[in-house]
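These notes are about the structure you will find just below.
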Amino acid sequence: MPWFNHIVIGLCAMLLAFLLWKEVTRPLRARLWWRIVATCIAMIAFAGMAIDIRYQISNTDSNNKQSLLLTDGYNKDSITAFIKAHPNTDTISVSEAATATNLHVFGNGLTLADLQLLKSNTIQFHPTNNTNGITAINCPHTIHSGEALQVEGRYNNTSKLPVTIYLAAFGNSLDTVTIAPLQEQTFHLQTIPKHSGRAVYSVIAMAQKDTLENNALPFEVLPMQPLRVLVLAATPNFEHKFLKNWLYENNYAVASRTTVSKAKYATSFLNTKSIILDNITGSALSNFDLLIADDDVLNSLSANELAAIKTAIVQQGLGLVVQRDSSNDASKFYQQPFTINTTSNSEQKTLRLQFNNTKEQLLVAQPTYLKANASTQTLITDDSTKIMAAVSILGMGKIVATTLNATYSLVLQNKPASYYQLWSLLLQKAAKQTNEDINVKVKPNIIYPYQQATIQIESTTQPLGVMVQQTALALQQQVQLPYIRSASYWPKQTGWQRIETANGFSRYWYVFQPKDWASVQATDNMLATKMYAATHKYPLNKESVTATKQTATLPKIYCFLFFLLAMAALWLERKL
């Protein structure tokens, strides 16, 4: 009612003029301006109690509703500040995010599966600060017997105390590494499992006596595939005798030929049928995956026999292990990548060998070493990093050279485990690569209960009756890569899960506890959400940033309080 407001304002103005006249005409001139100001405030407040005092405010979000999606690790103070700046905000769940407008994601972000639920909706991501702890981890799901378990990762230490990371199993610490305070760095842990089959180790992070993380590390030790091995020896010796016995005891198919005199050989066959080995031909070599020989016997072979060996290596992937002497002849294919360095000391020397995180002492007569070469990979060194064994690629096959010619002494020292690890390493690095009929991959690497797992099966033939935990999978074949088939599966329980087919093939994978690898999961989610937000940017259009005006009414209580305050000041002034 504008006329009512005009009447009130007019009456209050006349009353204010009368009161100001009274104050000015008072004989007491002290504190005159104080009384004038208090009188004006009292009359304006009195008028405000009778009429509505309206004013304009700026509001950038009056027409823009905000949607808030909270994920693990969000900061409460950041949420409070956001809601204060954007009063028109609703908190939603992931299932509602696809249709939400002006979507803001706070915290560590969303998993890849949750990001797919957004259906290309645009977002603004508000990540938390850098995650403290293990932010990345890499470890093979399967290794072969005698092979080292290599664990690599990254740790972000935001504290002022050093953090020690342990690789532990069965109550024992197998390897450790320390991360300095306020540092982010990579780490490497390794061990050689002495068992076979499935196991769950632990990666533990501790600061002094406080356990910061305790994560499960599942893997499976598979037995070495029984190889068909041919051993050639120039003369009978203990090295080849112990090696043949070890190969036989570990279920390798072993054929050996030892020269006893010119053109006369002693042959033996263990775990395999006998064949004619008077001449080393391509037909004879096709029965084997691996050839073990020394320089002396290879030097005694005819040109045709050496050509047959080289062809088998280059074209058929035959592996060759050569026990080297001190000779160097670059024209010979089995010596060319491996140059020998000979020491001047002819006395026996005890070497401390290092291989696969193992250190063993071995007595060697006149040690010889391999020269480092860009085309070779070092396998065994001594404690001064001089090379005792290395591997090089030749066509489809590989050649391993070693200067260790008395490894049987490890057995005589009652160290059969070290002998096993040494020869397993040499044979594994040289062995012919065989392709399995079925290869199984499960993504992501870290899976929790009720989280989507993508099971990918690579096979040239149609795998029949594929099941996980007695649940049949419906595989879909990829159009561009028809040998790859995949299916989704949602595990309901933690621990080992078995994938099997109707023809007897089986593999295992692991479902983690929710507490496992929390920092890794947070880092992965943050990276995935950042990448998604970069390609689905929140639209900053003109409407969303232009400030709008909104009319607000001053609450009556403020006018009443100002009126009381002014009247109290006038009353107090009279008493002074």
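The values are calculated or read from the model by the stated rules, or taken from the named source; none is laboratory data. Being a predicted model, the structure only gives us computed values, none of them experimental. No Cβ is skipped: glycine too gets one built from the backbone with ideal geometry, and neighbour counts run over all protein chains shown. Just so you know, the surface numbers come from the protein's heavy atoms only, side chains and all, with ligands and any DNA or RNA stripped out. Shrake-Rupley method; radii C 1.70, N 1.55, O 1.52, S 1.80 Å.
Hydrophobic, long helices, defined as DSSP H runs whose alpha-carbon span along the helix axis is 30 Å or greater and whose mean Kyte-Doolittle value is at least 0.0, occur in the chain at 2-24.
Accessible area of residue 222 (1.4 Å probe, protein heavy atoms only, ligands and nucleic acids ignored): about 30 Å². Stretched out fully, how many nm does the piece from residue 13 to residue 161 gain, at 0.36 nm a residue minus the Cα gap? Difference between extended and current length: 46.1 nm.
At a probe radius of 1.4 angstrom, the accessible area of the chain per residue rounds to 54 square angstrom. Averaging the Cα positions of each part gives two centres, and for segment 278-350 and segment 172-206 these lie 39 Å apart.
A crude spin-label estimate for the pair residue 568 and residue 498, with each label 7 Å from Cα along the Cβ direction, gives 8.3 nm.
Split the accessible area of the chain by element, probe 1.4 Å, and carbon with sulfur accounts for 54%. Residues whose amide H comes within less than 5 Å of that of residue 201, counting only those at least five positions distant or on another chain, are 217, 219 (H built at 1.01 Å from N in the peptide plane).
Note on residue 24 and residue 268: the extension gain reaches 74.6 nm, defined as 0.36 nm multiplied by sequence separation minus the Cα-Cα distance. For the pair residue 207 and residue 476, a Förster radius of 30 Å applied to the C-beta separation gives a FRET efficiency near 0.05, rounded to the nearest 0.05. The share of C-alpha pairs in the chain whose separation exceeds 43 Å stands at 49 percent. What share of the DSSP beta bridges in the chain is antiparallel, in percent to the nearest 5? Of the beta bridges lying entirely in the chain, close to 75 percent run antiparallel. Return, ordered by residue number, the residues of segment 484-523 whose backbone nitrogen is under 17 Å from a label point located 7 Å along Cα→Cβ of residue 72. In segment 484-523, the label zone of residue 72 (backbone N under 17 Å from the point 7 Å along Cα→Cβ) covers 491-495, 511-523. Quick one: in segment 171-314, what % of C-alpha pairs are over 24 Å apart? Of the Cα pairs, 53 percent sit more than 24 Å apart.
The largest accessible area among 376, 101, 39 belongs to the first residue in 101, 376, 39, and the rest follow in falling order (1.4 Å probe, all chains).
Just to confirm a number: summing +1 for Lys and Arg and -1 for Asp and Glu over residues other than residue 214 whose beta-carbon lies under 12 angstrom from that of residue 214, what do you get? Taking every Cβ under 12 Å from that of residue 214, the sum is -2. Taking other residues whose beta carbon is less than 12 angstrom from the beta carbon of residue 518, and scoring Lys, Arg as +1 and Asp, Glu as -1, yields -3. For the pair residue 195 and residue 350 in one chain, pulling the backbone fully straight at 0.36 nm per residue adds 52.9 nm over the alpha carbon distance. In this calculation the C-beta distance from residue 34 to residue 54 is compared with R0 = 25 Å, giving a FRET efficiency of 0.25. Under a 5 Å amide H cut-off, with hydrogens placed 1.01 Å from N, residue 497 pairs with 509, 510, 511 among residues at least 5 apart or on other chains.
Ligands, DNA and RNA excluded, the heavy atoms of residue 558 present near 120 Å² of accessible surface to a 1.4 Å solvent probe. Accessible surface ranking for 152, 220, 1.4 angstrom probe, highest first: 152, 220.
Ranking of 329, 294 by solvent-accessible surface, largest first: 329, 294 (1.4 Å probe, protein heavy atoms only, all chains present). Summarising the amide proton neighbourhood of residue 321: residues at separation of 5 or more, or on other chains, whose placed amide H is nearer than 5 Å comprise 291, 292, 293, 400. FRET efficiency for the pair residue 186 and residue 98, taken as 1/(1 + (r/R0)^6) with r the Cβ-Cβ distance and R0 = 56 Å, rounds to 0.90. A dipole drawn for the chain from +1 and -1 charges on Cβ atoms has a positive end, and of 508, 340, 255 the residue lying farthest that way is 508.
Projected over every direction and averaged, the convex hull enclosing the alpha-carbon atoms of segment 56-214 yields 13.4 nm².
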